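Asks: Once you've had a glance at the structure underneath, I'll fire off some questions.
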Amino acid sequence: MANVLVIGSGAREHTIAATFMKSPQVENVYCAPGNPGMKKDGIHLVAIDETDFQKLGDFAESHQIDLAFVGPEVPLAMGAVDTLQKRGLKVFGPGQASACLESDKTFAKRFMKRNGIPTADFETFTDYDKAAAYAETLSLPLVVKENGLAAGKGVTIVTQRADVNPLLRSELEKSGEILIEQYLEGEEFSLMLFVGGDKRVILPISQDHKKIHEGETGPNTGGMGAYSPVPHITDDVLQETIKTVVDPTMAGLKNEGLEFAGTIYIGCMLTNDGIKVIEYNVRLGDPETQVLLPQLKSDFYQVIMDLVDHQLPDMQWQDSDYYLGVVVAAPGYPQAPQQDIPLPALPDNIFYAGVTSDNDKLFSSGGRIFTIVDHAPTLQAAQDKVYAELAKINLSDFYYRKDIGFRDLEKSRV
């Protein structure tokens, strides 16, 4: 029987660990550092920071870990996989060089250009005057991105000319390097692959809801909810995405010596000019993971071990229901979330994120607190089911969006 170590502490890692727990081959699943909400699924918490690679390696050796799965982007960008692999551990995730596809937006955009992958026109700047001069040449709206990891919140769409220069100055002061991009109009969707060298499997399409308020308004967050599958992303759209985006991405990784066993998350936009890539991530999305992995019918441990060995796994997915998840956040998120709010009694279909415990009572300790997930034969029924459950819980001290799944539901009513 196998022992698995999941690195990270959010609802994504809770979902990953809980999915490993379902494998008949797995005896113990550890999560470092995890969160106390995970205990309900029999997951063992390990009080080691996700970036303390020395202690993580020591723990893996002393507990005979057969597989490590690195969840978040920060340890991946810092070289967690390289470090743990040097100690003889099987690890699912990209090495530090490949993780630059997420941690270095300039590198990612140039990778796309080199490999003929469609994306928005862009320029990168470290100098304010040059950035301001370039921005003057562009029509509005335009997109300004911090170059680096920003937990899904480092992107600003500017619609007023008076806002451009102050934003450029503040973003350069914050991150030192920014990208200014052409604004793309269209429908976003998340396409994720599990890869093992040149082998790949495509996960069901999902759609995240990034903005804090209903109707996709307000500032960006790490994600306020997701659903899968996405009806309006048809098989024709998927096949076109595979041809124009997935295939050249895989070829580019091989040609540039960046192949790995792990996840490629491609943030796509369906525009009037075809599919465009917004960004790469090299880990599962959150909250998309919470609506994707519960759909998996195959043995998750076997799937990941096959990919680590660069073998094509047998991945079977349910095909009868829609899965929908709503993120419940602390008030003030994403700018200044309130802390230490006691959580009410919650149902079992919860994946926990920013929580701590005191005498077995859970309290908020971050921005996004948990994701509640349910499924039904139609998207409308799945949405109704989740919000009916939320209505039964006293969440007056918390915040959640009331419209997850709205895009497809609005299209179905037209």
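Asks: Just checking, does the range 58-78 include any residue being in contact (Cβ under 8 Å) with a residue 40 or more places away in the chain, at positive phi and open to solvent by 60 Å² or more (accessible area, probe 1.4 Å)?
Replies: yes
Asks: Specify which of the listed residues (A388, A376) is open to solvent by 40 Å² or more (accessible area, probe 1.4 Å), more than 28 Å from L45 (Cα to Cα) and at pLDDT 95 or above.
Replies: A388
Asks: Is it fair to say Q383 is polar (S, T, N, Q) and either surrounded by 13 or more Cβ atoms within 10 Å (Cβ to Cβ) or part of a strand (DSSP E or B) (or both)?
Replies: It is true that Q383 is polar (S, T, N, Q) and either surrounded by 13 or more Cβ atoms within 10 Å (Cβ to Cβ) or part of a strand (DSSP E or B) (or both).
Asks: Among the residues of the range 114-135, which ones are within 18 Å of I178 (Cβ to Cβ) and either open to solvent by 90 Å² or more (accessible area, probe 1.4 Å) or in a helix (DSSP H, G or I) (or both)?
Replies: T126, Y128, D129, K130, A131, A132, A133, Y134, A135
Yes or no, residue by residue, for (1) of a type in the set (V, I, T); (2) in a strand (DSSP E or B):
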{"site": "V4", "(1), (2)": "yes, yes"}
{"site": "I7", "(1), (2)": "yes, yes"}
{"site": "R12", "(1), (2)": "no, no"}
{"site": "A17", "(1), (2)": "no, no"}
{"site": "F20", "(1), (2)": "no, no"}
{"site": "N28", "(1), (2)": "no, yes"}
{"site": "C31", "(1), (2)": "no, yes"}
{"site": "M38", "(1), (2)": "no, no"}
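Asks: From D348, D340, D321, which residue is at positive phi and either touching a residue at least 12 places away in the same chain (Cβ under 8 Å) or small (G, A, S) (or both)?
Replies: Testing whether each residue is at positive phi and either touching a residue at least 12 places away in the same chain (Cβ under 8 Å) or small (G, A, S) (or both) leaves just D340.
Asks: Just checking, does the range 289-302 include any residue being part of a loop (DSSP other than H, G, I, E, B), open to solvent by 10 Å² or more (accessible area, probe 1.4 Å), touching a Leu at 6+ places or on another chain (Cβ under 8 Å) and of a type in the set (D, E)?
Replies: No, the conditions are met nowhere in the range 289-302.
Asks: Next up: Given (1) within 20 Å of the chain's Cα centre (by Cα); (2) free of Cβ contacts under 8 Å to residues at least 12 places away in the same chain, where does D247 come up short, assuming only one miss?
Replies: Of everything listed in (1) within 20 Å of the chain's Cα centre (by Cα); (2) free of Cβ contacts under 8 Å to residues at least 12 places away in the same chain, D247 misses just condition (1).
Asks: Kindly indicate whether any position in the range 232-252 is assigned to a loop (DSSP other than H, G, I, E, B), at pLDDT 95 or above and over 19 Å from K105 (Cβ atoms).
Replies: No, the range 232-252 contains no residue that is assigned to a loop (DSSP other than H, G, I, E, B), at pLDDT 95 or above and over 19 Å from K105 (Cβ atoms).
Asks: Given the condition open to solvent by 40 Å² or more (accessible area, probe 1.4 Å), in contact with a strand residue (DSSP E or B) (Cβ under 9 Å, 6 or more places away or on another chain) and of a type outside the set (V, I, T), answer yes or no: does some residue in the range 189-198 qualify?
Replies: No; the residues of the range 189-198 include none that is open to solvent by 40 Å² or more (accessible area, probe 1.4 Å), in contact with a strand residue (DSSP E or B) (Cβ under 9 Å, 6 or more places away or on another chain) and of a type outside the set (V, I, T).
The values are calculated or read from the model by the stated rules, or taken from the named source; none is laboratory data. Predicted model, so just to flag it, every value in this text is computed and none were measured. Cβ coordinates were reconstructed from backbone atoms using ideal geometry, including for glycine residues, and neighbour counts include every protein chain displayed. The accessibility values were calculated without ligands, DNA or RNA, using every heavy atom of the protein model including side chains. Shrake-Rupley method; radii C 1.70, N 1.55, O 1.52, S 1.80 Å.
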